[in-house]
């Protein structure tokens, strides 16, 4: 077990393990784990976070690294509420939870977008998602009116939990991270999220140009003609989408 725990992280899997106990407990606390919760963890690693998640009725851990999956099975062999799956989370069947699950993970930077596309669908979205991701991406979500920020805001309320310096990971990445929490609505703010995503892409196809250059603007929205996409509010975006798309 010691050999596995100290094995060299695999760069191709984006393995950077959060080691700081205070941040790990903060992540677990923000899940507000109840005794009847089903909880899914993306990437168990060495169980750094997993050990703080065991209050859930059912804990399912996806770990793509076979050696680490075996390590986790041995480490938590005395717990009967945990299932370790040696597999790719991107191939997980999330529909079976019928949205009645919570999701947590330290997201590999290179597949953050793929994980969002996996989770943010009418079939798959959870009740809560607490995630650690690249600080730059987190700031883009929180501070900029961008495609990604608007896309997330139709699914739920997004809040920053904390910043995490790169020194608290092993191996140490080049960039800092951020912990975010998404509290999902019972259903998204639009009936057809994929259609809305196409609309957003059109709005942001030339992000530095005025909105009138990106979409055919109805005369009812002429007051927005000289706005650039990032100057629009979520209310503006939804009004445009619901009016003419």
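Please treat every number below as a calculation from the coordinates, not as lab data. Please read all numbers here as calculations on a predicted model, not as lab measurements. Here the Cβ positions follow ideal geometry from the backbone for every residue, glycine too, while neighbour counts run over all protein chains shown.
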**Request:** May I ask you to sort 38, 121 by Cβ crowding, counting other Cβ atoms within 10 Å and putting the fewest first?
**Result:** 121, 38
**Neighbour-count ranking [beta-carbon atoms within 10 angstrom, fewest first] of 110, 73** = 110, 73
**Item:** Where only alpha carbons of region 57-167 are counted, the Rg and the Dmax (Å)
**Value:** 15.3, 47
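Shape call for region 193-244 from the C-alpha gyration tensor, a ≥ b ≥ c root eigenvalues: rounded (a/c under 1.5), prolate (a/b greater than b/c) or oblate? Numbers along the way, then the final one.
Values: a/c = 1.55, a/b = 1.15, b/c = 1.35.
The shape class here is oblate.
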**Message:** How long are the semi-axes of the equivalent ellipsoid of the chain, defined as square roots of 5 times the Cα gyration tensor eigenvalues? Whole Å, largest first.
**Reply:** 37, 19, 14
**Coarse-grained scattering of region 135-183 at q = 0.19 Å⁻¹, given as base-10 log I(q)/I(0) from a Debye sum over alpha-carbon atoms** = -0.63
**Message:** If I build a Gaussian network model for the chain, linking alpha-carbon pairs within less than 10 angstrom, which residue out of 118, 160, 219 has the largest mean-square fluctuation?
**Reply:** 219
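Label region 148-245 by shape, choosing from rounded, prolate and oblate, from the square roots a ≥ b ≥ c of the eigenvalues of the Cα gyration tensor; if a/c is under 1.5 it is rounded, and otherwise prolate applies when a/b is larger than b/c, oblate when it is not. All intermediate terms of the calculation are to be shown ahead of the outcome.
On the way: a/c = 2.99, a/b = 1.86, b/c = 1.60.
It is prolate, given that a/c is not under 1.5 and a/b is the larger ratio.
Once Rh is set to the Kirkwood radius over Cα pairs, what Stokes-Einstein translational diffusion coefficient, in µm²/s, holds for region 16-114 at a temperature of 25 °C and a viscosity of 0.890 mPa s? Display every interim value, and only then the final one.
Numbers: Rh = 13.7 Å.
For these conditions, the coefficient is 179 µm²/s.
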**Mean Cβ neighbour count within 10 Å, used as a protection proxy, ranking 192-200, 165-173, 96-104 highest first** = 96-104, 192-200, 165-173
**Request:** Can you work out the PRE-style zone for residue 122? Point 7 Å along Cα to Cβ, and I want the residues of region 187-209 with backbone N under 16 Å.
**Result:** 187-199
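Once fully extended, how much extra length lies between residue 25 and residue 159, figured as 0.36 nm per residue of separation less the alpha-carbon to alpha-carbon distance?
Values: separation 134, 0.36 × 134 = 48.24 nm, distance 1.73 nm.
Using 0.36 nm per residue and subtracting the Cα-Cα distance, I get 46.5 nm.
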